[in-house]
Amino acid sequence: MSDMDLLRIVELKGRVRLDDVATPLGVSTEEAGDLLAEAVSRGLCEQAGAAYRLSPAGREHLAALLDADRATVDGPALATAYDEFCEVNADLKGIITAWQMKDSATPNDHTDAAYDSSVLERLAFLHTAVLPLVGRLGELAPRLARYSARLQHAQDQIAAGETMWVARPILDSYHTVWFELHEDLIQLSGRTRLEEAVAGRAH
């Protein structure tokens, strides 16, 4: 497991526990604990109780790794793929909004099985449609390849009836994984979240 893989997960999530690292990295909680303990011993992470976060040295090290990684990416090809992602991103935002709100004034209390089923069908369709694009992104930047498996894992949980995997922040839910992929694409493109918000493309 590379420093990039671990530190980027910790950075994106802010503060992590073992499960927060194990699921996205595809390792056991014991292995996640070992990885985080090693990062602490190297001064890259700090531990507070059962939680971990990046240290200032960890942030500096990760920034250098991300800069080096961005320099290896085919910029024009990434820009084309990112534009495609942003089109799908608008659809995903609509699905998540529909999952949370039945209309602008009515929260979805998830008592209407037919309504929820229709939203989940939209998400399943989007998932199938977007996987080839996510696969291409993984070819352009190998560290993105893990997102295909993470999105599939979330979708598998949803299909099994575990609907908290749609958007619950404390899980590696579909929305959480999608948000982190978007953050990585913004970074790799040399853009900022503020620039993307102004352009109407922030998640």
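Quick note: the coordinates plus some simple rules give every number you see, no bench work behind them. Please read these numbers as outputs of a predicted model, since none were measured by experiment. Neighbour counts are summed over all protein chains in view; Cβ atoms, including those assigned to glycine, are modelled from backbone coordinates with ideal geometry.
Details
- Pairs of Cα atoms farther than 22 Å apart, the range 73-198, %: 36
- If the convex hull is drawn through the Cα atoms of the range 57-139, its volume per residue in Å³: 141
- Cβ-defined net charge surrounding Gly26, 12 Å radius [Lys, Arg +1; Asp, Glu -1]: -1
- Rg/Rh ratio calculated on Cα atoms of the range 3-68 (Kirkwood radius): 0.93
- Counted charge near Ala141, where neighbours are those whose Cβ lies closer than 14 Å (Asp, Glu -1; Lys, Arg +1): -3
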